[in-house]
Amino acid sequence: MNNKYKNLFLILFLLINAILPGRFAYGLIYVLEVNILIAFRILFSRLIKVLKLNDYSSFIQIVFLFFISTLFNQLFILYSPLCSFCFSYGFYIPCIAVYIVCEFIEKDREETLLILQEYKLYFKYISFFSIFTLVYFLIRDIFGYATITFPVPSGLKEIQLLKEHSLSFGGFFFASVSGALVFSGLSYLGIFLIHSKFFVTNKRGK
């Protein structure tokens, strides 16, 4: 995946990160769902090619991704109804982003890969996304609410970091959508600068 698609990947998912509730528990659900969507999308895109339905590929894939999201939502309701209710629209937002990113990657790729090679290609980047997203939601949870949360059958399990925590300006900043957007922008800038410095250093080393 070249740099322009890495940037597209990051920008799309950072925007989604910003509009989702800033709790670590929801970050866990989000990361799990994105990984599941990409795994099933790889398999389903192969099936579409085998059935020679390429003319309807976009429509079929989007419908399929929403179906997987709905199924994931229903299964999660069985585990934690309250947590599923609070996450609500968050189950469906990643569908379009996953579709867009995967389509750009496939159009940019000239050679046909074996299915295991394709999984390796995608999950090389999705693993970075997963780690980054979990850290992102962890920071928002800690600084926005002074807690670390986990999804449990009764809703959210909160590990309170401070006995008494009143939301200061910093707390409101990390807990709000506007603050999350600013944090997403700063996160992207930080990743871009680190990647650029690393890339230049490696290039000079060679």
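So in the range 77-119, with the set limited to residues that are touching a helix residue (DSSP H, G or I) at 6+ places or on another chain (Cβ under 8 Å) and hydroxyl-bearing (Ser, Thr, Tyr), which one is modelled with the lowest pLDDT? Per the stated criteria, the residue is TYR119.
Listed by position, the helices (runs of 4 or more DSSP H) contained in the range 65-166 that have at least 1 residues being closer than 14 Å to ILE29 by Cα and touching a strand residue (DSSP E or B) at 6+ places or on another chain (Cβ under 9 Å) are 81-87, 115-145. Across the range 74-92, the number of residues qualifying as touching a residue at least 12 places away in the same chain (Cβ under 8 Å) and surrounded by fewer than 18 Cβ atoms within 10 Å (Cβ to Cβ) comes to 4.
Only one of the listed residues (PHE67, PHE44, PHE40, PHE59) is within 16 Å of the chain's Cα centre (by Cα) and open to solvent by 40 Å² or more (accessible area, probe 1.4 Å). That residue is PHE40. In this structure, does TYR99 turn out to be in contact (Cβ under 8 Å) with a residue 24 or more places away in the chain, of a type in the set (Ser, Thr, Tyr) and open to solvent by less than 40 Å² (accessible area, probe 1.4 Å)? Considered against the rule, which asks whether it is in contact (Cβ under 8 Å) with a residue 24 or more places away in the chain, of a type in the set (Ser, Thr, Tyr) and open to solvent by less than 40 Å² (accessible area, probe 1.4 Å), TYR99 comes out as yes.
Based on what the data block shows, is LEU161 under 20 Å from the mean Cα position of the chain (by Cα), open to solvent by 50 Å² or more (accessible area, probe 1.4 Å) and either modelled with pLDDT of 75 or more or closer than 26 Å to SER84 by Cα (or both)? No; evaluated as a whole, the condition is false for this residue.
Determine whether the range 49-61 contains at least one residue that is among the charged types (D, E, K, R), part of a helix (DSSP H, G or I) and closer than 18 Å to LEU134 by Cβ. The answer is no; no qualifying residue exists. Contact map, the range 19-48: residues that are more than 23 Å from VAL182 (Cα to Cα) paired with residues that are of a type in the set (D, E, K, R) and in a helix (DSSP H, G or I), Cβ distance under 6 Å, separation 6+ or inter-chain. Pairs shown: ILE42/GLU118.
The values are calculated or read from the model by the stated rules, or taken from the named source; none is laboratory data. Quick caveat, the model's predicted, so the values are computed rather than measured. When we count neighbours, we look across all protein chains shown, and the Cβ atoms used for this are built from the backbone with ideal geometry, even at glycine. Ligands, DNA and RNA are stripped out before the accessible areas are found, and what is left, the full protein with its side chains, is counted by its heavy atoms. Shrake-Rupley method; radii C 1.70, N 1.55, O 1.52, S 1.80 Å.
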